[in-house]
1. Suppose we keep only residues that are in a helix (DSSP H, G or I) and basic (Lys, Arg) within segment 211-260. Which one would you say is farthest from residue 276 (Cα to Cα)?
2. So the check is Cβ under 6 Å with 6+ separation or different chains; which pairs have a first residue in segment 51-65 that's among the β-branched types (Val, Ile, Thr) and a second one that's open to solvent by 10 Å² or more (accessible area, probe 1.4 Å) and assigned to a loop (DSSP other than H, G, I, E, B)?
3. Modelled with pLDDT of 90 or more and among the small types (Gly, Ala, Ser): does that describe residue 24?
4. Can you tell which of 84, 88 is assigned by the TED database to the domain that holds residue 109 and open to solvent by 10 Å² or more (accessible area, probe 1.4 Å)?
5. Among the numbered criteria (1) at pLDDT 95 or above; (2) out of contact with any strand residue (DSSP E or B) (no Cβ under 8 Å at 6 or more places or on another chain); (3) closer than 21 Å to residue 136 by Cβ, which single criterion is violated by residue 165?
6. Considering only residues that are in contact with a Leu (Cβ under 6 Å, 6 or more places away or on another chain) and either open to solvent by 30 Å² or more (accessible area, probe 1.4 Å) or over 14 Å from residue 41 (Cα atoms) (or both), which ones fall in segment 64-81?
7. Could you run through segment 161-206 and say how many residues are of a type in the set (Ser, Thr, Tyr) and either part of a helix (DSSP H, G or I) or exposed (fewer than 15 other Cβ atoms within 10 Å of the Cβ) (or both)?
8. If we keep just the residues of segment 256-268 that are in contact (Cβ under 8 Å) with a residue 60 or more places away in the chain and out of contact with any Asp or Glu (no Cβ under 7 Å at 6 or more places or on another chain), which is surrounded by the most Cβ atoms within 10 Å (Cβ to Cβ)?
Amino acid sequence: MTGETALLSSLPARKADAGEATAGAGVAGAAFTVTATQRIEDVEAVWRALEAEGVESPGQNYDFIRLWVRERGIPQHNQLYLVGSLGGVPLALIALQRRQRFGISVMTWFPGAHVGCLAPLVDREGVAALGPEGRRALWSAMMGQVSGADAVYLRAVPQESDGFSGLFDELGSAVAVDTLYRGRFASWEECDRLQRSRTRRKHDRQQSERLAALGSVDFDEMRNGEDIGEAIATMFRHRSARFKQMGIRDTFALGNIAAFYRAALAPDSGVDVRLHVLRLDGEIVATRYNIVHGDRMFCLISSMSDDPDIQAGSPGKQCLLRVMQSVFDAGMRVFDMGAGLTDEKRHWCNEQIVLRQHYVALTWRGRIAAAAHQRFQAARARMKADRRFLTLRRTLGKVLNRKSWQG
């Protein structure tokens, strides 16, 4: 890490620099040191040391964010990396991107909603040992080095991290908005025993038979460097059709986000990608795009054919069944399926974690925007829990989307 004397008092488009500041009471009278830089390379050593203990999201992986910055072409002056230390020992790292929203300058996570959750990368035991007042001082010292923005907005932060609860409670103000779903099992045998009832097994078998009646079924796992052009193209084509059917915008087509997911599959990307593919008579009918870190697998994209005849065999569910059967016996211990309840998450996930949006206002405009956004998020969470509203939203979305496509 660099140790230049200039402090990041602003974030203009200029040569990157880094600086340190002492702020906030630490433990037993010690003080926290915060280093800020606009160059991701400056924090690589600290980042890799912290993530070696395990991550809650691909967004906490150094190689994932480095690739994201490169492929998305994020200007260096819109990047900020903060490291909070105590007694020379790094305790937390926060990586932020500056964005403009309705005239408000906001520092927020790089990948946003493209990963299930995001959080500061921390030494869990060290941060837990600080206690509430120590953590408040740590987060205050780190947020004190953010400038050139009206607010810091940290979406989808888990309330619990590997058994440590409340590590981020003192980080600004927060509102609970969603739930993260994971399957955590020692083996496929344990997963099968705990998550599948006799009725569930019978149902899965019947779906498998219906799919097999349509042709020869094959399941494959593809990795970085393999010939994945056809699989990726088919996956995004299936997703686009699904978005259109649901009446929502194609999030992968916006700004060519799909290019990042293709780049991550390169052999030298540093990101460990596992692409699970289900084929029917050689044709891809379902796909799951996953990223692996240690013994954890994170599913970022799932897709399946929109052919009504093929859907009768539930290719998406059959692909997921084969994923679950294979990954836990291959050494995985956690399979992260992201936020938001679906039937597949209800069937397979035995772990639920509350996700919260965190806000740190830095200016009077930031305070107004943060307060308004918090109220919006709380109202949105209530509406999402109301099935009547969800049905109405989907119906209206389909009508509007149909008109936009016809126009």
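The values are calculated or read from the model by the stated rules, or taken from the named source; none is laboratory data. Computed from a prediction, not measured in an experiment: that's the story for all the values here. Don't worry about glycine lacking a Cβ; one is built from the backbone with ideal geometry, like all the others, and counts go over all protein chains shown. Ligands, DNA and RNA are excluded from the accessible area calculation, which covers all protein heavy atoms including side chains. Shrake-Rupley method; radii C 1.70, N 1.55, O 1.52, S 1.80 Å.
1. 244
2. Listed by first residue and then by second, the contacts come to 55/61.
3. For residue 24, the condition - modelled with pLDDT of 90 or more and among the small types (Gly, Ala, Ser) - is not met.
4. 88
5. (1)
6. Once the filter is applied, which keeps residues that are in contact with a Leu (Cβ under 6 Å, 6 or more places away or on another chain) and either open to solvent by 30 Å² or more (accessible area, probe 1.4 Å) or over 14 Å from residue 41 (Cα atoms) (or both), segment 64-81 yields only 77.
7. So the count comes out to 5.
8. Out of the qualifying residues, it is 264.
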